[in-house]
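Contents: one structure, followed by commentary.
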């Protein structure tokens, strides 16, 4: 999730007229059926019909390089995950009120990846939004507090509760009164001091803190992998009675190339960790991993049941995905491919590229104008020029002037060549056009 | 979802000791991994390994009759749905920011089932909880109000917002201050008068109403298919500026044997309709269908995107499920099988059965003691005695003294014979034991 990128605007009649006839017809039908709250990527939307690895095929048979989608993390339609889903869907789909050995085995396997922490339990949901919503319910039950601290452009999900802690959706006016915003820990920001101020503001309002919630790659804030001051900020929040929720929906399952979990890069020990997007390679499965104490406090007040959450097909998809991450060595692969990409983008040496940063295959590239100011227009032009070259990337950040490069982890060296060629070509073409 | 039925209590050490060794071991591992907020059905939990139609097979190869699960509505592991999921998962799983013709086609097909209403759009989520959460966000945006009226034992879901309108989860103390509870429209209740009082109470507190939310079969309240006064209550809510949200997560997709949607039985014209459980026969897919005006009001304030919601595999599962409902004539089948079941349960003529009511294959049976009072203990005994006979049902209602019979719609005449035999046997055995 990011700030506005390059979208088709269904309210713009001339945009519709500019589309090829078949696309215009399908868009028109789609807007009629799904209504005005939906968006399509790109001024000219794309229709894909199949995928493999980091590649997608459109309706006309063209091959596209996907350097954007993080959900199909082990590769589009990965055959092991697809087979696991097919096999279990043909056998049984029930729920967590019956025993299921595979569910227990996966839960133990997943919890084992947090070894060394005292993260004892996992609870299953269907979406990252539900996972963050549940984590916040747990944190509020465990602390008796209601205050939440998030970063200024955070995105954590779309339920009512989580939209109210996601300023990237509707800006500060959409945020609940029990939420305080702090600057993301980019270089130059004293994150601990900001959190200290936020805690003071909550205290002044008579609001006890429940949690500091951080996306451990700060994706929608603009991708900040180095994030200094997190451990110190966490200590302050704990002193005030709050918990640390590490939102690993974006960063988790190996994308950052350093173990499976982004928070380990910052020396954190979260109370609750939320999982989502890549967990089942596209099957709706997500969850909360947490310490025993807050979950016990939550359980004292009531039970939890999620009809589809952690059903046997979800578990089969999640187990196959985790197995593939390990068997194909995707964590080390992500680290190596990501480092090579950062190096090669740096080597382009374009003065419009002000900063390149990343961890594994999550890379942010800041673009600036001649005066060195963030250049949203240039950034959108690059994304569209890459679209013309059949390469998918997106934008991020406070100024929407950061290229977000976040391919499936199946992205390989040949894919990197193609991305680099396309990026250099796009930057060159735009420079010529503007000259 | 219902009140407490017959659960395994993980905090009860003697319950664990009473289990067969293999079950005890798996339960112990499960409690360690999933934590204390989860429950298992039955004092002796069951482990199923495959299913077909209304039948499940446990780990030891025993055949069970499923007269409880409404999610696998067209039958456990229905081959057409499983094949549709397998085929699409092997091809592509993306999301609603790209064009997809099958998504548009399904949306049009689904909206066509609401023909005659002006329900214009559908928005996709993964769970019924997310659907109700989104519907409430839409209603609040459209009305500017925040007040919500629900029935006294309602269950609408588990997000923070929706748990706060679900008294069946935590009783009145768990309900938000902007919620008012009314008695379910059982015989003798003047539902419109109750809603009038609730509106008055909201007005007194300075709270403008956003919506009346009703499960159109009143499942957790105790199954009330006749529900008088709904249309009149809706008119009062509209007069006060609120909307009607018909929660069809339980009642929808033909279960009630009268078209696809429960609200049509009551002559209602809802503003928003929420869908879930049976929509993809177990695949996590759900949604909100609504009038154009409230969705436009919501869209004016922001976009909606749900990462997994309405992805191409979800759509394939939902389309196959809807096709099977029509091709196998499951609406008429549900009506016929349900009517026959009600008649045959009535014919048992047991004085402990105080009332039998239902619509299609959603049936509630009230059990009473010798003095005619709701008998929760008897009801739990019947559920457990049926478990001993390898038949699954559950409980519902304010007193937890209503048997809830709600099988997959694939339930057939032979299944009815088996359920009737088991029910008569259970009632006889319990009478003997208590005599």
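The values are calculated or read from the model by the stated rules, or taken from the named source; none is laboratory data. What you see is a predicted model; the values in this text were computed from it and never measured. Reconstructed Cβ throughout: ideal geometry from the backbone, glycine too, with neighbour counts over all protein chains shown.
Some values worked out for this structure:
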| quantity | calculated |
| --- | --- |
| Residues of the range B:293-315 classified as more than 22 Å from residue B:271 (Cβ to Cβ) and more than 8 Å from every other protein chain (Cβ to nearest Cβ), total | 2 |
| Sole residue being assigned to a loop (DSSP other than H, G, I, E, B), outside the structural domain of residue A:399 (by TED's automatic domain parsing) and either at pLDDT below 95 or in contact with a strand residue (DSSP E or B) (Cβ under 9 Å, 6 or more places away or on another chain) (or both), chosen from A:213, A:273, A:223 | A:223 |
| Single condition residue B:48 does not satisfy, out of (1) at the interface with chain A (Cβ under 8 Å from one of its Cβ atoms); (2) touching a residue at least 24 places away in the same chain (Cβ under 8 Å) | (2) |
| Conditions (1) within 14 Å of chain B (Cβ to nearest Cβ); (2) assigned to a helix (DSSP H, G or I); (3) in contact with a strand residue (DSSP E or B) (Cβ under 6 Å, 6 or more places away or on another chain); number of the one not met by residue A:250 | (2) |
| Residue among A:121, A:76 that is surrounded by 21 or more Cβ atoms within 10 Å (Cβ to Cβ), touching a strand residue (DSSP E or B) at 6+ places or on another chain (Cβ under 8 Å), within 7 Å of chain B (Cβ to nearest Cβ) and more than 24 Å from residue B:124 (Cβ to Cβ) | A:121 |
| Matching residues in the range B:185-210 - criterion: being part of a loop (DSSP other than H, G, I, E, B) and within 21 Å of residue B:161 (Cα to Cα) | B:205, B:206, B:207, B:208 |
| Segments classed as helices (runs of 4 or more DSSP H), wholly inside the range A:2-116, with at least 3 members that are in contact with a helix residue (DSSP H, G or I) (Cβ under 7 Å, 6 or more places away or on another chain) | A:21-34, A:79-89, A:101-112 |
| Residue B:414 being free of Cβ contacts under 8 Å to residues at least 12 places away in the same chain and closer than 22 Å to residue B:72 by Cβ | yes |
| So residue A:157, is it more than 30 Å from residue B:394 (Cα to Cα), at pLDDT below 95 and within 11 Å of chain B (Cβ to nearest Cβ) | no |
| Members of the range B:314-355 found to be over 23 Å from the mean Cα position of the chain (by Cα) and in contact (Cβ under 8 Å) with a residue 12 or more places away in the chain, listed by number | B:344, B:348, B:350, B:352, B:353, B:354 |
| Complete set of residues in the range A:81-93 that are buried (at least 24 other Cβ atoms within 10 Å of the Cβ) and within 7 Å of chain B (Cβ to nearest Cβ) | A:82, A:85, A:89, A:93 |
| Odd one out for residue B:290, checked against (1) outside any strand (DSSP E or B); (2) within 9 Å of chain A (Cβ to nearest Cβ); (3) on the phi < 0 side of the Ramachandran plot | (1) |
| Residue A:143 farther than 24 Å from residue B:36 by Cβ and either more than 8 Å from chain B (Cβ to nearest Cβ) or surrounded by 18 or more Cβ atoms within 10 Å (Cβ to Cβ) (or both) | no |
| Some residue of the range B:10-27 being more than 7 Å from every other protein chain (Cβ to nearest Cβ), closer than 15 Å to residue A:99 by Cα, modelled with pLDDT of 95 or more and crowded, with 23+ Cβ neighbours inside 10 Å | no |
| Boolean, residue B:111 is closer than 17 Å to residue B:309 by Cβ, surrounded by fewer than 20 Cβ atoms within 10 Å (Cβ to Cβ) and touching a residue at least 40 places away in the same chain (Cβ under 8 Å) | yes |
| Count of residues meeting criterion [on the phi > 0 side of the Ramachandran plot and buried (at least 21 other Cβ atoms within 10 Å of the Cβ)] in the range B:237-272 | 3 |
